[in-house]
Amino acid sequence: MTQIPAPLSTWFSSRGWALHPHQQEMLTRARDPATLLIAPTGAGKTMAGFLPTLADLAEGTHQGLHTLYISPLKALAADIKRNLRAPVEELDLPIRIEDRTGDTPQSKRRRQRADPPHILLTTPESLALLTSYPDAARTFKGLKRVVIDEIHALAESKRGDQLMLALTRLQALCPDLCRVGLSATVEDPQRIAQYLACHPDPCAIVQADPGPAPDITMLQTTEAPPWAGGGAAYAIPAVLEQIKAHKTTLVFHNTRAQAEIFFHNLWLANDEALPIGIHHGSLDRVQRERVETAMQRGELRAIVCTGSLDLGIDWGDVDLVIQIGAPKNVKRLVQRIGRANHRYNAPSKALLVPANRFEVVECQAALEAVLAGDLDASPSGPGPRDVLCQHILIRACAGPFEAADLFAEVTTAGAYANLTRAQFDACLEFCATGGYALKRYDQWQRLQQRSDGSWQLRDPRATQRIRMNLGTIQDADLLKVRLKHSRGGKPLGEVEEAFAATLTAGDTFLIGGRVVRYEGLREMTVQVSRNASKKPKIAVFSGTKFATSTELSARVLQILAKGNWPDLPGHTSDWLALQRQVSDLSRPDELLIESFPHEAREHSCIYGFAGRNAQQTLGLLLTKRMEELGLDPLGFVATDYATLIWGLQPITDPEPLFDLQALRDGLEGWLAGNAVMKRAFRGAATIAGLIDRNQPGGRKNGRQATFSSDILYDTLRKYDPDHLLMDITREEALRGLVDFSRIEEMVERTRGQITLRPLSRVSPLAAPMLLERGRVPIKGAAEEKLLQRETEALMAQSGLKGLAQ
Amino acid sequence: MNAHGGYGFSLAGATLTALPQGALWWQDQALLCVSDLHLGKSERHLRRGGAPLPPYEVEETLVRLEALLDSFAPQTVICLGDSFDDDLAATHLPPELKQRILDLTQARRWIWIEGNHDPAPTEFGGEHLPEFHLGTLVFRHIAQSQLQAQNEPQGEISGHYHPKAVLRGVSRPAFLLDQHRLILPAFGTYTGGLRSSDPVLSDLMQPKAIAILTGSQALAMPMPRQSRRG
């Protein structure tokens, strides 16, 4: 097919639209088994994906479901529905379009399974759920195309892995299914193509014209950035000027907490009362939707936001993107910049605002990377096995299956192409019996083999539980925040339970840009009142702290290695020059360590440039080694570029500390009992179907019936350390929060070249580290001591001491 | 605080110790009391269509209980009810674990108090009672909301609620104690907890109640309560 039907093309030309070359190519490739389209925002990407569908359906002969559209966001599905309906309704085409998400009413969902529309717009989770019903074959009968939007975002998460596994099921039901992926600019299109295709099918890559290079610069401010911190409060006046000079500005932040603080300060300085909104993932949905709507109507001059605005919803006329804080990842930055200016072939405009002095260097590195089109690589590991376990359970819900068939099916997903049969069998065994070293209670196993060798659920009632636990999104323990005394309690958003636990009545914190006062906890809801009289204690959100990518770190090292820095502002180049004069600057092929006394403590600053998570892990491992060597470490703090350790003894012989094998051994021992592992375990155990996910409202009652997943972790660690879930947990932790691979990379990059610089006092580059937040004390018995001290004080204060004793 | 890291107190004239492991020790009677072992939890969970939890919790609970029996050598042991996750879970225990429990109950006086999960007598020896009186103390599974007025002071020892208390963001199983009653934390490995701030517990315990956190040492603090409205 190379043409669109006449009525459609007339409709397009009546609006002055002409097909872009990439849209034409998507039409030409309509029958290819898999096609990946890479196009910038505003290039008519979605229409390109749907044109072959509309052309097919315009004939009016197709029965049943024709095209599935899958996006990571519910809102996106609703948006697309509106956009598609315009031509369909105006031309009176015989095409039924519906969406199906977690918000779709039960009755409609049931009807959709029996009588699906021609085009169904849905999310990965809703699709997985659809495949779990015994009537899936009927629902998907006749399906021709599946269009996956924002596939670059999905490919970085387990939601994407779940989606690709669900597609293997669809492909088995509909062998001629064509797959289309729509992606923003990525560094390695081939990787996404392999991810998308039914392995080993080929996948064509269609590249739209990327448009002109973005107009991106560092914001000029009269005041120099501070030495440390992430708030960028110094830049508020300059940012406000930019907002005034543009129509609509998006102000991106790396964390929700930073967005809250910045918004608060921006609002205080907003003397002209410009309409400015805030948007991040912890805000109440109603609040977020209000901001989204106001923005689409063009009523807002600026939105202070986080990654929650990253995906491709149509935001109307954004003409400036400001990134506060160094972009930790060039790809994300490029995608954010793409939000500015939706007119195809017009340059997007963006400003970078370093939050502190070192970030000036990082921002410069990012600028150079964007201009060179050098995007960071995404780590792509093998398909996660906890998601596979869930897929096996979902498959079992739909009816009996042969292990060999399912194995063949899942290995057609690119991420699982290298899965071995033994690995698959271990997952199947886990789903069936738990897969424990100790075989017990096998009469109750979850999946059992029938006489013909196929597998089925022992108890069909288990389907309900499996469907309820479907999905891979991990929610931290969040508590709703509501205004007290207002009718029903106006919802403001959510905070982590751990943060709420640190609050006492009268404490204040920021949420949704306002300072509120903590009143108390009632039925798992944080009750607050309005109160602006105190300096807020800042809400700590779980929003991942992104580590600077390997590529950006390498560019930073290259900048530092230069003889002089004409591209950097004077305040920063002077600082670096001073550092070189009194100490040294790291080179890419060596590990620089400074050692100096400060406030009666011996300090060591290790410039690893391995990213925040890895530097944090390095701090934990090194202090543990130092403890063993009697160097009496007292604490450490980590940033993206260095780890600063203080203690009673100086490091004089660093070589043995950085022995890779010793670090690896230390990691095994330290990791096992660590909270990071317990968190990773909880995620894996929930996805794999060992524990139920928190159901909304399910925690009010019967709390004593459920117990912490930490107990399961401790039990497995003691009695069954080689269990599948322990293996998955280690893999996850090493890849994610622990980021040990970056430490390995660092050791390999420097090839044991360690330069120790003993100094008489703190160096210019190390000084900001002393101001960093997030200092980690080395404890052990410390928690017990603190608890004891506090309980004694409480008993004394309350007058209870001696009463019961 | 005493040698075992326990917290000593008196209830209705009896001198008792809340042990950091979550058990109660009555020195004068050489009596050890534990509550809510929930043995067989993973079996019952699976039987009722739940996921296959690691089947090691009975061993783990027994290991901890045996360690206490070794160090305190009690003449009497009271299990305060919900010792088994249900009656079938007791029946379905594998033979070697049944024998292990039997060995424990035969070596000393052993009292099983009936719980709401395990009302029927067990096949593991020992005595099976709805409640047990000794001196000024009464042992039962669920605390009575109104303690009857007695001529002599009487203290009630119970379990059932799996109380927990939170301090500095750390949540731990805890004993709850006031002038008339003590509620024990759950001893079983696979047990969650109910926060002391839950209305049920706040209503049950007197205003001056204390919570005794378990852990590496028993730590007493004023019982965290539901924050009042207003």
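Of the GluC sites (Glu not before Pro) found in region A:572-662, those that fall in a DSSP loop while having at most 11 other beta-carbon atoms within 10 Å are A:E599.
Each residue of region B:76-91 is assigned a 3J(HN,Hα), and the resulting list reads 10, 10, 10, 9, 7, x, 6, 6, 10, 5, 6, 5, 5, 4, 5, 4 Hz, derived from the Karplus form 6.51 cos²θ - 1.76 cosθ + 1.60 (θ = phi - 60°), x at Gly and Pro. Residues in region A:708-716 carry Karplus couplings, in order, of 5, 5, 4, 5, 5, 4, 4, 5, 5 Hz; the curve used is 6.51 cos²θ - 1.76 cosθ + 1.60 with θ = phi - 60°, and Gly or Pro positions show x. Largest GNM mean-square fluctuation among B:L167, B:L176, B:L194, using chain B with Cα springs under 10 Å: B:L167. Separation of the alpha carbons by more than 32 angstrom is noted, of A:K678/B:K41; A:K247/A:K331; A:K108/B:K164, for A:K108/B:K164. If the chain linking A:D209 and A:E744 were pulled fully straight, counting 0.36 nm for each residue of separation and taking away their Cα-Cα distance, it would gain 188.8 nm. Taking amide hydrogens as placed 1.01 Å from N in the peptide plane, the amide H of A:L36 sits under 5 Å from those of A:G181, A:A204, A:I205, A:V206, each at least 5 positions away in sequence or on another chain. Placing a label point 7 Å from the Cα of A:L91 along the Cα-to-Cβ direction, none of the residues of region A:99-136 has a backbone N under 11 Å of that point.
The alpha carbon centroids of region A:27-89 and region A:432-485 are separated by 35 Å.
Evaluate E = 1/(1 + (r/R0)^6) for A:A6 and A:D405, where r is the Cβ-Cβ distance and R0 equals 35 Å; express this FRET efficiency to the nearest 0.05. Display every interim value, and only then the final one.
On the way: r = 45 Å, r/R0 = 1.28.
Rounded to the nearest 0.05, the efficiency is 0.20.
Quick check: the angle from helix B:57-72's long axis to the longest principal axis of chain B, C-alpha only, nearest 10 degrees? So the helix axis and the longest Cα principal axis differ by about 60 degrees.
Output needed for chain B: three equivalent-ellipsoid semi-axes, defined as square roots of 5 times the C-alpha gyration tensor eigenvalues, in descending order, whole Å. Each step should come with its number before you reach the end.
On the way: eigenvalues 144, 87, 58 Å².
Ellipsoid semi-axes (Å, largest first): 27, 21, 17.
Each of A:K247, A:K480 was scored by other Cβ atoms within 10 Å of its Cβ. Listed from fewest to most, they are A:K247, A:K480.
For B:G155, the residues whose modelled amide H falls within less than 5 Å of its own, excluding neighbours fewer than 5 places apart on the same chain, are B:L137, B:V138.
In whole angstrom, region A:356-442 maps to an equivalent ellipsoid with semi-axes of 43, 17, 11, each derived as √(5λ) from the alpha carbon gyration tensor and ordered largest first. Each label point was placed 7 Å from the Cα along the Cα-to-Cβ direction; for B:S145 and A:Q661 their separation is 6.8 nm. Where the alpha-carbon atoms of chain A are placed on the principal axes, they occupy 83, 68, 61 Å, in descending order. Here the Karplus curve 6.51 cos²θ - 1.76 cosθ + 1.60, taken at θ = phi - 60°, turns the phi angles of region A:593-605 into couplings of 10, 9, 10, 7, x, 7, 6, 6, 10, 7, 10, 10, 10 Hz, with x standing for Gly and Pro.
In this simple spin-label approximation, A:T217 and A:N418 carry label points 7 Å from Cα along the Cα→Cβ vector, and these lie 4.6 nm apart. Considering only alpha-carbon pairs that sit under 8 angstrom and 6 or more positions apart, the relative contact order computed for region A:70-228 is 20 percent.
Using the Cβ-Cβ distance between A:R693 and A:S14 with R0 set to 51 Å, the FRET efficiency works out to roughly 0.55. Would you please state which residues of region B:188-230 a label at A:N531 would reach in this model, taking the label point 7 Å out along Cα→Cβ and a backbone N cut-off of under 19 Å? The answer is B:225-230, whose backbone nitrogens lie closer than 19 Å to the label point. Under the simplified labelling scheme, the B:R48-B:A107 pair shows an inter-label distance of 3.2 nm, with each label point 7 Å from Cα along Cα→Cβ. Taking the DSSP bridge list for chain A and keeping only pairs wholly inside it, about 40 percent are antiparallel. FRET efficiency for the pair A:I473 and B:E152, taken as 1/(1 + (r/R0)^6) with r the Cβ-Cβ distance and R0 = 56 Å, rounds to 0.40.
With respect to chain B, whose longest principal axis is taken over its alpha-carbon atoms, helix B:95-106 is tilted by about 50°. Taking amide H as placed 1.01 Å from N in the peptide plane, A:L121 has its amide H under 5 Å from the amide H of A:Y69, A:E98, A:D99, A:R100, each at least 5 places away in sequence or on another chain. Note on region A:348-407 and region A:236-276: Cα centroid distance 29 Å, given to the nearest whole angstrom. Placing a label point 7 Å from the Cα of B:K208 along the Cα-to-Cβ direction, the residues of region B:9-24 whose backbone N falls under 16 Å of that point are B:9-13.
Bear in mind that the values in this text are calculations on the coordinates, not laboratory data. It should be emphasised that the depicted structure is a prediction, and the values quoted were computed from it without experimental measurement. Neighbour counts run over all protein chains shown; Cβ positions are idealised from the backbone, glycine included.
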